Structures are given as C-alpha cells and as structure tokens.
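Inspection log for the structure reproduced underneath, given as structure tokens.
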Amino acid sequence: MKKILVFAGSIRSGALSAKLAAHVARELSLMDAGSTLISLADYELPIYNGDLEKEEGVPENAKKLKAQMLAHQGVYIASPEYNASMPPLLKNAIDWISRAKEPAGNPYKQCTFALGATSDGRFGGYRGLYHLRQSLELGLGALVIPEQVAIAGAGSAFDERGALKDEGNQKILKAQLEKLIAMAGVLV
Ligand SMILES: Cc1cc2nc3c(=O)[nH]c(=O)nc-3n(C[C@H](O)[C@H](O)[C@H](O)COP(=O)(O)O)c2cc1C
C-alpha cells in the first residue's frame, strides 16, 4: 500500500489549510493508500541561519521531518498563500530538511509531491503554489504532479465533519489523489 505523508503550511488554530490536510488524509485512507497526518507545530524549527547550522548543526526536528518523508512514498502539502507566495513556516521547514544529511537519502528525490491551497479569498491560494512548486521542482528536483487544488472561499468550504462541500472541489481533489497514489513510489 502506498503511504502518503500529509501536512499543512500553517500551525494556526483553526487553520483552513489544516482543514484541507485533514480532509485529504481521510480521503486517502478511503482510497488505496495509507496516510499519516502531521502538524509542523510538532516540529518547531528556528529560522534558518548559516551560523546556527555551523555552530549547532541541523536541528533534530528537521532530521525527524526528513525521516517522516523518507518513510512515505508521497507527500501532500496543503498550504495557505502569503502575499502570493508560500508561508515562511513552510519554506523554512523545506530549507532545513534540504540541509539535513541524516537520515541518509533524499526525500525530495524519493517522494512524489502533490499540492493543495486554501484561502478565504477568490483565488483559493493558488498563486502561493507557484513558488512552492518552483522550490520543490527547480530547487530540489522533486516530482510534483501537475494536478493541484485551490479551495476558494475556504472559510465556508468545509462542512461540520470537515469534508469539502462543493462537488466540483471534491471531484478535482479525488482526481488529484488518484494521480498521487498512482505516481507515488515510482521514484523509489
Ligand atoms: C502575511 C500574510 C499574507 C497573506 N497573503 C495572502 C495572499 O496573498 N492571498 C490570500 O488569499 N490570502 C492571504 N493571506 C490571508 C490568508 O490566506 C489567511 O490568513 C489564511 O487563513 C491563512 O491560512 P490558514 O488558515 O491555513 O492559517 C495572508 C495572510 C497573512 C498573515
């Protein structure tokens, strides 16, 4: 069974991106995949600083995050959009993981990635995914599937059970997850 790691690019309580991440994890579990939902709140990291890395090495939490990725064949990132880009929390985690030599292996080359965005605005946060995709693909050589979701009006897009209300959004997400499951593991 393909295993997919799922996390959001926000640790705010009630985060819309965390709602999407939780929904994705539940959907994956109903499909032909296992999922692990984590929160970056449990992997707190200082802002990357070359001096800090030189003096203290890569933080344990970055190594733990890297190990989490390596234990999965796919990674789903649900992100908010900050000023048409990705949030610093997410970029910082991506950067620290890229500096970790341990555990051995390169999760960016071994995992297949899929991206989703949420915003209460009408663009659904998709502009932030340009930069996230660029960093993963061009910066780190990752395979990021072309299908992506952007949930506009996300403040009212989920029902009381946390499921996506809109049928169109449900269909786009299902197709994306089917592709992710099909592609995950092809690199390992
Ligand atoms: C610094 C900052 C920049 C933001 N820029 C955007 C933006 O460019 N586009 C957008 O749709 N929302 C933007 N927002 C609003 C966020 O989408 C909103 O706060 C969202 O709820 C944050 O994601 P979360 O719910 O997953 O925590 C911004 C919020 C912050 C704090």
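The values are calculated or read from the model by the stated rules, or taken from the named source; none is laboratory data. Note that the structure is a prediction, hence the values are computed from the model and not measured. Cβ: placed from backbone, ideal geometry, glycine included. Neighbour counts: every protein chain shown.
Quick check on my filter: what residues within region 144-188 are basic (Lys, Arg) and outside any loop (DSSP other than H, G, I, E, B)?
Lys171, Lys174, Lys179
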- If you go through region 1-36, how many residues are within 16 Å of the ligand (Cβ to nearest atom) and under 22 Å from Pro88 (Cβ atoms)? 16
- Message: Among the residues of region 100-108, are any assigned to a helix (DSSP H, G or I) and either at pLDDT below 95 or farther than 23 Å from Gly14 by Cα (or both)?
- Response: yes
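Among the residues of region 171-182, is any within 16 Å of the ligand (Cβ to nearest atom), buried (at least 21 other Cβ atoms within 10 Å of the Cβ) and modelled with pLDDT of 95 or more? Break it down stepwise before answering.
Taking region 171-182 first, the residues within 16 Å of the ligand (Cβ to nearest atom) are none.
No, region 171-182 contains no residue that is within 16 Å of the ligand (Cβ to nearest atom), buried (at least 21 other Cβ atoms within 10 Å of the Cβ) and modelled with pLDDT of 95 or more.
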- Message: Just to be sure I understand the filter: pairs with C-beta atoms under 8 Å, separated by 6 or more residues or on different chains, first member in region 83-99 and in a helix (DSSP H, G or I), second member near the ligand (Cβ under 10 Å from one of its atoms) and not hydroxyl-bearing (Ser, Thr, Tyr). Which pairs pass?
- Response: Leu89/Gly9; Leu89/Ile11; Leu90/Gly9
- Looking only at region 113-143, count how many residues are crowded, with 22+ Cβ neighbours inside 10 Å and either assigned to a strand (DSSP E or B) or at pLDDT below 95 (or both). 6
- Quick one: which residue in Arg122, Arg127, Arg161 is farther than 22 Å from Gln73 by Cβ and free of Cβ contacts under 8 Å to residues at least 12 places away in the same chain? Arg161
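Can you tell me which residue among Ser29, Ser35, Ser13, Ser39 is free of Cβ contacts under 8 Å to residues at least 12 places away in the same chain and within 17 Å of Ala71 (Cα to Cα)?
Testing whether each residue is free of Cβ contacts under 8 Å to residues at least 12 places away in the same chain and within 17 Å of Ala71 (Cα to Cα) leaves just Ser29.
Looking at Ala62, is it more than 30 Å from Ser156 (Cβ to Cβ), over 12 Å from the mean Cα position of the chain (by Cα) and crowded, with 19+ Cβ neighbours inside 10 Å?
Details: more than 30 Å from Ser156 (Cβ to Cβ): yes; over 12 Å from the mean Cα position of the chain (by Cα): yes; crowded, with 19+ Cβ neighbours inside 10 Å: yes.
Against the criterion (more than 30 Å from Ser156 (Cβ to Cβ), over 12 Å from the mean Cα position of the chain (by Cα) and crowded, with 19+ Cβ neighbours inside 10 Å), Ala62 qualifies.
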- Message: So, in region 70-127, exactly how many residues are more than 16 Å from the ligand (Cβ to nearest atom) and among the charged types (D, E, K, R)?
- Response: 5
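Can you tell me which residue is surrounded by the fewest Cβ atoms within 10 Å (Cβ to Cβ) among those in region 91-112 that are of a type in the set (A, V, I, L, M, F, W, C) and in contact with a helix residue (DSSP H, G or I) (Cβ under 7 Å, 6 or more places away or on another chain)?
Start the filter on region 91-112 by keeping residues that are of a type in the set (A, V, I, L, M, F, W, C), which leaves 93-94, 96-97, 100, 104, 111.
Among the residues that remain, those that are also in contact with a helix residue (DSSP H, G or I) (Cβ under 7 Å, 6 or more places away or on another chain) are: 93-94, 96-97, 100, 111.
Values: Ala93: 23, Ile94: 22, Trp96: 22, Ile97: 24, Ala100: 20, Cys111: 25.
Top of the filtered list is Ala100.
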- Task: Residue by residue through region 23-49, note down the ones that are part of a helix (DSSP H, G or I) and surrounded by fewer than 18 Cβ atoms within 10 Å (Cβ to Cβ).
- Result: Arg26, Ser29, Leu30, Ala41, Asp42
- Could you grab me the full set of residues in region 50-59 that are surrounded by 12 or more Cβ atoms within 10 Å (Cβ to Cβ) and either part of a helix (DSSP H, G or I) or without any contact (Cβ under 8 Å) to a residue 24 or more places away in the chain (or both)? Leu52, Glu53, Gly57
